[in-house]
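S.K.: Okay, here's the structure, questions in a sec.
Bear in mind that the values in this text are calculations on the coordinates, not laboratory data. Bear in mind the structure is a predicted one, so any value in this text is a computation, not a measurement. Cβ atoms come from the backbone with ideal geometry, glycine included; neighbour counts cover every protein chain shown.
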Amino acid sequence: MNIKIICFGKLDKKFFIESFNEYANRISKYVNFQVIQLKEEYQKEDIVNKNINSDLLIEKLKWFSDHEIICMDVNSKNYSTEEFTSIIETNKNLKQAKIVFIIGPSDGYSDKFLELNYKKVSFGNITLPHQLFRVILAEQIYRAFKIINNEKYHK
Ligand SMILES: C[S@@+](CC[C@H](N)C(=O)[O-])C[C@H]1O[C@@H](n2cnc3c(N)ncnc32)[C@H](O)[C@@H]1O
């Protein structure tokens, strides 16, 4: 099974890098795990940045047309950990299963991107900064594998 995160920018704080790497290493024991970092445009007007960055995502996703695409979006349906786990569980027995999780640009997704109607998941009605969110997403992916495999993990 392959799981990828497509996101913008690099982690630049030691505590985020260390936390993310810890979960990435743990996830790698279950699946091939990869992070694809896009360079975010942020120097123009918000609406222009939003369109440029969303177009970058659209282009990148053309490489992954054989993947299940899950778009992390604070403005969408809230998923519990168990509901999130079921997305992965549905695929786990498929050796060729491929999932891409998208962490979006700072200015949000463009209408053109949203019209592509990818499955959307929110982890709650709070907007988290993208670097912190990357760590939280990795922790939830790791937690999902612990649940799927009936392994002990702190509650
Ligand atoms: C700083 S947020 C961007 C928020 C942006 N203003 C918007 O409304 O989409 C960057 C990314 O982090 C992710 N994110 C942050 N908080 C989230 C949450 N509670 N649930 C799901 N995704 C979240 C989303 O992928 C979002 O696109």
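S.K.: Shape of the chain from its Cα gyration tensor (a ≥ b ≥ c, root eigenvalues): rounded if a/c is under 1.5, otherwise prolate when a/b > b/c, or oblate?
M.R.: Prolate shape, in that a/c is at least 1.5 and a/b is the bigger ratio.
S.K.: Could you give the dipole magnitude of segment 2-148 about its Cα centre, charging the beta-carbon of Lys and Arg +1 and that of Asp and Glu -1, in debye to the nearest 20?
M.R.: 580 debye
S.K.: Express in nm, to one decimal, how much length is gained between ILE126 and ASP12 on full extension, taking 0.36 nm for each residue of separation and deducting their alpha carbon distance. Before the final figure, lay out each step's value.
M.R.: On the way: separation 114, 0.36 × 114 = 41.04 nm, distance 2.22 nm.
Working it through step by step, the gained length comes to 38.8 nm.
S.K.: Okay, moving on. What's the longest uninterrupted piece of the chain once you rule out the GluC sites (Glu not before Pro) that are loop residues per DSSP with at most 10 other Cβ within 10 Å?
M.R.: Longest stretch, sites excluded: 46-114.
S.K.: What does DSSP give for the chain in terms of the percent of beta bridges that are antiparallel, rounded to the nearest 5? All intermediate terms of the calculation are to be shown ahead of the outcome.
M.R.: Working: 0 of 21 bridges.
Around 0 percent antiparallel, to the nearest 5.
S.K.: Taking LYS4 as the anchor, which lysines have their alpha carbon closer than 17 Å to its alpha carbon, excluding any fewer than eight residues away along the same chain?
M.R.: LYS29, LYS39, LYS60, LYS62, LYS92, LYS95, LYS98, LYS119, LYS120
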